[in-house]
1. Can you give me the number of residues within region 27-61 that are of a type in the set (A, V, I, L, M, F, W, C) and under 23 Å from K77 (Cα atoms)?
2. I'm trying to understand the selection: among the residues of region 81-94, which are within 11 Å of Q67 (Cβ to Cβ) and more than 14 Å from the chain's Cα centre (by Cα)?
3. State yes or no: is L99 within 27 Å of K20 (Cβ to Cβ) and free of Cβ contacts under 8 Å to residues at least 40 places away in the same chain?
4. Would you check which residues across region 1-19 are surrounded by 11 or more Cβ atoms within 10 Å (Cβ to Cβ) and not in a helix (DSSP H, G or I) and list them?
5. Do the conditions hold for L46, that is, is it within 16 Å of the chain's Cα centre (by Cα), at pLDDT 95 or above and surrounded by fewer than 17 Cβ atoms within 10 Å (Cβ to Cβ)?
6. Every residue in region 80-94 that is more than 12 Å from V109 (Cα to Cα) and surrounded by fewer than 18 Cβ atoms within 10 Å (Cβ to Cβ), please.
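The values are calculated or read from the model by the stated rules, or taken from the named source; none is laboratory data. As the structure is a prediction and not an experimental result, all values here were calculated from the model. Neighbour counts run over all protein chains shown; Cβ positions are idealised from the backbone, glycine included.
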Amino acid sequence: MGSKMTTSSTQIYQIFSILKKRNLFFIDSRTTSESLCKPSARLLQLPFAQRDVFIDHFQEPDFIRKQIKLLIRIADKHGEAIGIAHPHIITYNILRELLPELQKKVQLVPASKLVHILS
């Protein structure tokens with residue numbers, strides 16, 4: 001449902017207008033290549049970011065670990081990275097397991113620190 005909505009310019013405009021009025025931001029999960037979120041955020045000057053890694057679209061422990069390590073590599077290379085995951089117990093357990101390693105390698109920050117106004 002959300003992915004389909006991100007392809008509708010009318011719906012995106014309505015939602016982004018409300019977000020802007022409320023001084024909020026938007027992070028696009030980029031679950032569809034047809035997303036209009038980035039150009040819409042640029043047009044409306046809405047703070048915006050998009051995910052770099054989807055962590056758990058396969059709920060397999062080794063896959064989730066691999067995705068978290070990919071997220072760390074992207075953060076090292078670009079200075080920041082955004083990962084998105086579902087609230088699955090397997091994801092929670094692996095994040096808890098890898099938290100000490102994450103904290104040694106990257107600084108965890110609120111999402112609001114990674115959004116920017118696009119030029």
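1. Result for region 27-61: 6.
2. T91, I94 - these are the residues of region 81-94 that are within 11 Å of Q67 (Cβ to Cβ) and more than 14 Å from the chain's Cα centre (by Cα).
3. Considered against the rule, which asks whether it is within 27 Å of K20 (Cβ to Cβ) and free of Cβ contacts under 8 Å to residues at least 40 places away in the same chain, L99 comes out as no.
4. Once the filter is applied, which keeps residues that are surrounded by 11 or more Cβ atoms within 10 Å (Cβ to Cβ) and not in a helix (DSSP H, G or I), region 1-19 yields T6, T7, S8.
5. no
6. Within region 80-94, H86, P87, H88, I89, I90, Y92, N93 meet the criteria.
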